[in-house]
1. Can you name every residue in the stretch 255-275 that is surrounded by 14 or more Cβ atoms within 10 Å (Cβ to Cβ) and either more than 18 Å from LEU223 (Cβ to Cβ) or at pLDDT below 85 (or both)?
2. Within the stretch 97-120, which residues are of a type in the set (Asp, Glu) and touching a helix residue (DSSP H, G or I) at 6+ places or on another chain (Cβ under 8 Å)?
3. Contact list please: Cβ distance under 9 Å, first residue in the stretch 78-94 and more than 15 Å from CYS120 (Cβ to Cβ), second residue at pLDDT 85 or above and of a type in the set (Asp, Glu), pairs at least six apart or on different chains.
4. Checking the conditions here, which among GLU76, GLU118, GLU93 is under 27 Å from the mean Cα position of the chain (by Cα), surrounded by 13 or more Cβ atoms within 10 Å (Cβ to Cβ) and among the charged types (D, E, K, R)?
5. Which residues, taken from the stretch 53-68, are over 14 Å from ASP35 (Cβ atoms) and either surrounded by 17 or more Cβ atoms within 10 Å (Cβ to Cβ) or of a type outside the set (Asp, Glu) (or both)?
6. Which of the numbered conditions does GLY233 fail, given that it passes all the others? Conditions: (1) modelled with pLDDT under 85; (2) over 18 Å from GLY174 (Cβ atoms); (3) out of contact with any Phe, Trp or Tyr (no Cβ under 8 Å at 6 or more places or on another chain).
7. Restricting attention to the stretch 220-254, which residues are among the aliphatic types (A, V, I, L, M), in a helix (DSSP H, G or I) and crowded, with 18+ Cβ neighbours inside 10 Å?
8. With (1) over 30 Å from LEU56 (Cα atoms); (2) modelled with pLDDT under 85; (3) loosely packed, with under 11 Cβ neighbours inside 10 Å as the list, and TRP169 as the residue in question, which single condition is left unmet?
Amino acid sequence: MRYPGKSGKQSGRFGCTFNCCFEVEGKERRKGIRDRIRAGTQRIIFTSPESLMDSLASALYEAAKLGILRYFIIDEAHMVEQWGDDFRPAFQEIPGLRRDLLRLNSFTTLLLTATLTESCLDTLETLFGKDLQVISAVQLRPEPAYWFKRCESEEVRKQRLLEAVYHDWMRYLGFAWGHTLGVSGEKLVKVTVPDPTAYIQRNLKLLFNGQQEITIQDFINRLAKQCPLFETGKFREEVEAQIGTRETNFLSTSTAFALFRLHDEGEIQLEGKSDATLMILPKVNDKVDNDGRISHIIWKGENS
């Protein structure tokens, strides 16, 4: 491998050679993208507003004429308002380009954002048209939490660490949710409520494994195999061996609550067949009624 010598002329020549190679390669790559857009073989392209308004615009016009432009999607659409005024004006030039393309052919426009204020919506309606259909899936997301605590000893430090893991990771993994009861002295009083609904819901497809109906016993066994914290799971049995076992065929109130909730939300259907083995799903205060005597679970998703 040759290296540039001390001569400034030689060093300059090597630098120029490398830069030119990269520049030519970049131009060829961009030209290839434009050619594929025109030919309809570039299925998806991610780009910046500046490139959209400049180097890609002519290719998009040709694609629109041919009817091969199907979707026009702007992610983080709130940036049109927040950055478009002066920082990156190309953001607010996008609506004009879109209107021109729509004159050539129709396509679907999606504006995606998780930060939609009333002011932002007004701006988007002004720029993209008042006929916007707003689809909202409002969900509170846990914000990052930073805990600092000076500990008197290594043993106390480990205990505080375990508490943090329990409270935060149980909620993050979908096994519980948090609630703040109030303030005691200078401290917030927080509780973690066991509720594995979110975890079970995320894993329904895996648990049913292509079936629409399975027995409650099979469901629980598969759930325990997926996560041994549930009934019949290895970790659960180790804990129950110390604190006392459940009654035969009884589920814990937290697992039962999750299944009742998923039933109420239409995710699953709980059924009790008289000629089948039943499991008991207790309610509040371990109360059991006919709704809690379950033999089968039907998944209401996908192919139902």
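The values are calculated or read from the model by the stated rules, or taken from the named source; none is laboratory data. This one's a predicted model, so the numbers in the text were calculated from it and none came from an experiment. A quick note on method: Cβ atoms are made from the backbone with ideal geometry, for glycine too, and the neighbour counts reach across all protein chains shown.
1. Step one: of the stretch 255-275, the residues surrounded by 14 or more Cβ atoms within 10 Å (Cβ to Cβ) are 255-263, 267-272.
Once the filter is applied, which keeps residues that are surrounded by 14 or more Cβ atoms within 10 Å (Cβ to Cβ) and either more than 18 Å from LEU223 (Cβ to Cβ) or at pLDDT below 85 (or both), the stretch 255-275 yields only GLY272.
2. ASP100
3. ARG88/GLU50; ALA90/GLU50; ALA90/ASP54
4. GLU76
5. Correct list: MET53, ALA57, TYR61, ALA64, LYS65, GLY67.
6. Among (1) modelled with pLDDT under 85; (2) over 18 Å from GLY174 (Cβ atoms); (3) out of contact with any Phe, Trp or Tyr (no Cβ under 8 Å at 6 or more places or on another chain), GLY233 violates only (2).
7. Keep residues of the stretch 220-254 that are among the aliphatic types (A, V, I, L, M), which gives 220, 223-224, 229, 239, 241, 243, 251.
Subsequent filtering for residues that are in a helix (DSSP H, G or I) retains 220, 223-224, 239, 241, 243.
ILE220, LEU223, ALA224, listed by residue number.
8. Every listed condition holds for TRP169 apart from (3).
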